[in-house]
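What follows draws every value from the coordinates through simple rules; no lab data is involved. No experiment lies behind these values; they were computed from the predicted model shown. Because the Cβ atoms are built from the backbone with ideal geometry, glycine has one as well, and the counts that use them run over all protein chains shown.
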Amino acid sequence: MKFDYYIFTPYVPELDGDGPALYRKWLEQVDLCEELGYDCVWITEHHFHHFGGMLPNPQVIMAAMTQRTKRVRLGTAVTLLPLHNPLRIAEDIAMLDILSSGRIEVGVGRGMEWLNFQAFGSEWATAQERVIEGIDILKDAWTKEDCVWNGRFFQTDRPITVLPKPVQQPHPPIWMTANRDPEHFRWIGEHGLHLMTIPWVLPDLGMSREFIAEYRAGLRSAGHDPSQFEVLGLFPVYVADTRDQALQEFGPHWTNMRRIATEARGGVRQEPEFEALVAANRAMLGDPDSCRRQLDKVADLGLTRIALHTHVGGLAQERVLKSLRLFITRVAPVLAAA
């Protein structure tokens, strides 16, 4: 099991500070992940709202991170391919892979229905088709000298060579998200992509085990070796000295995140109330012992990586950093030993 960190911050200006202050916090978090031995830091892409909108371009901040770190990997979680020219993304990622000496992971997805696709000259109705076509363009751009495309959304009238080429061969690992549709899990496996999923959004964690099994069945049906592919699960994680302390400190910030998310979606609520999240054991929140017990359950889902989502709703930086340190020093080692 590998342990990663996920940067996605539902933004509370009066608690998180202005843009420069918030970006300094993210860079400090990455520095600690490098020091503590986290495997990868994932950076999200959101737009136009406090629900993640302070991070509209993962590649920009990842460029800064490549120069502050030597070991930890850096990934997009996710790049919203329907909003962008895929060649622009291919060029950005290749440059990052060079700057990081081959430490880049590429997560892609279509985004959320409530996002203003029209502002980017795109549309929700064709978003998934654009993702599928975009993935093929990324692969070609990174591996071929003369590229020609004649797709539904992207065409070239003559061969082009996309530069630079990434360090990793044949290209950086490509991931795709799936959460609720077992057919989508299978499709990702059939197309030989790594899997990202968010088990806690489901009412029962056991559903994720079934969906991940569908993903691996898809890998096998297409002739892929499942042992060569990874499954990342994203979880809210907050570790404190005592369970009561963890719940008291994290709860109000989860409530902030839920409020911000609901506003972004025009009043639609999706995240559970904090009490329901805790009661259903869908997150790792508590003292090191209780988090270890929950980690044991999570490990049984078929994941190869867990990404910690800790900085939510204006949670103080010192508490974010303390939780990151407690998890890797007091929680993770027990699973590693087992």
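Structure data summary
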{"quantity": "Residues Thr262, Thr9, sorted so that the one with the fewest Cβ neighbours within 10 Å comes first", "calculated": "Thr262, Thr9"}
{"quantity": "Candidates Leu205, Leu80, Leu163, ranked by Gaussian network fluctuation over the chain, Cα under 10 Å, top entry", "calculated": "Leu163"}
{"quantity": "Contact order relative to length of segment 2-337, as percent, for alpha carbon pairs under 8 angstrom and 6 or more apart", "calculated": "19"}
{"quantity": "222 nm mean residue ellipticity, helices alone, for the chain (DSSP H n ≥ 4; -39,500 (n - 2.57); rounded to 500)", "calculated": "-13000 deg cm²/dmol"}
{"quantity": "Per-pair calculated FRET efficiency, R0 = 22 Å: Val148 and Ala222 via Cβ, rounded to 0.05", "calculated": "0.30"}
{"quantity": "Segment 153-203-segment 48-89 distance, computed between alpha-carbon centres (Å)", "calculated": "15"}
{"quantity": "Separation between Cα centres of segment 213-227 and segment 231-286, rounded to whole Å", "calculated": "32"}
{"quantity": "Cut-off 19 Å (backbone N to label point 7 Å along Cα→Cβ of Thr126), residues of segment 61-89", "calculated": "80-89"}
{"quantity": "Efficiency of FRET from Cβ geometry, Lys139 and Gln248, R₀ 56 Å, rounded to 0.05", "calculated": "0.70"}
{"quantity": "Net length gained if the chain between Thr262 and Lys2 were fully extended (0.36 nm per residue, minus Cα distance)", "calculated": "90.4 nm"}
{"quantity": "The chain - share of DSSP beta bridges that are antiparallel (%, nearest 5)", "calculated": "10"}
{"quantity": "Which labelled figure in [x] 1.22; [y] 0.97; [z] 1.06 is Cα Rg over 2.2 N^0.38 Å, once derived from the coordinates", "calculated": "[y]"}
{"quantity": "Residues whose placed amide H lies under 5 Å from that of Ala307, excluding near-sequence neighbours", "calculated": "Asp4, Gly233, Leu234, Phe235"}
{"quantity": "Residue exposure sequence - Phe8, Phe211 - by fewest surrounding Cβ within 10 Å", "calculated": "Phe8, Phe211"}
{"quantity": "Within segment 221-335: Cβ-based charge dipole about Cα centre, in debye rounded to nearest 20 (Lys, Arg +1; Asp, Glu -1)", "calculated": "140"}
{"quantity": "In Hz, Karplus ³J(HN,Hα) per residue of segment 158-166 (6.51, -1.76, 1.60; θ = phi - 60°; x = Gly, Pro)", "calculated": "7, x, 10, 10, 8, 10, x, 9, x"}
{"quantity": "Relative contact order (%) - criterion: Cα under 8 Å, at least six apart; region: segment 262-335", "calculated": "30"}
{"quantity": "Separation of the Gln118 and Asp296 label points, Cα + 7 Å toward Cβ, nm", "calculated": "5.4"}
{"quantity": "Asp241 versus Glu318: modelled label distance in nm, points set 7 Å from Cα along the beta carbon direction", "calculated": "1.2"}
{"quantity": "Listed residues Gly313, Gly266, Gly111, most fluctuating in the chain (Gaussian network, C-alpha, under 10 Å)", "calculated": "Gly266"}
{"quantity": "Most fluctuating residue given options Thr197, Thr255, Thr126, as computed from a GNM of the chain linking Cα atoms under 10 Å", "calculated": "Thr126"}
{"quantity": "Above-threshold pairs, the threshold being 31 Å between Cα atoms, out of Lys139/Lys322; Lys165/Lys322; Lys70/Lys139; Lys25/Lys144; Lys2/Lys165; Lys2/Lys322", "calculated": "Lys139/Lys322; Lys165/Lys322; Lys25/Lys144"}
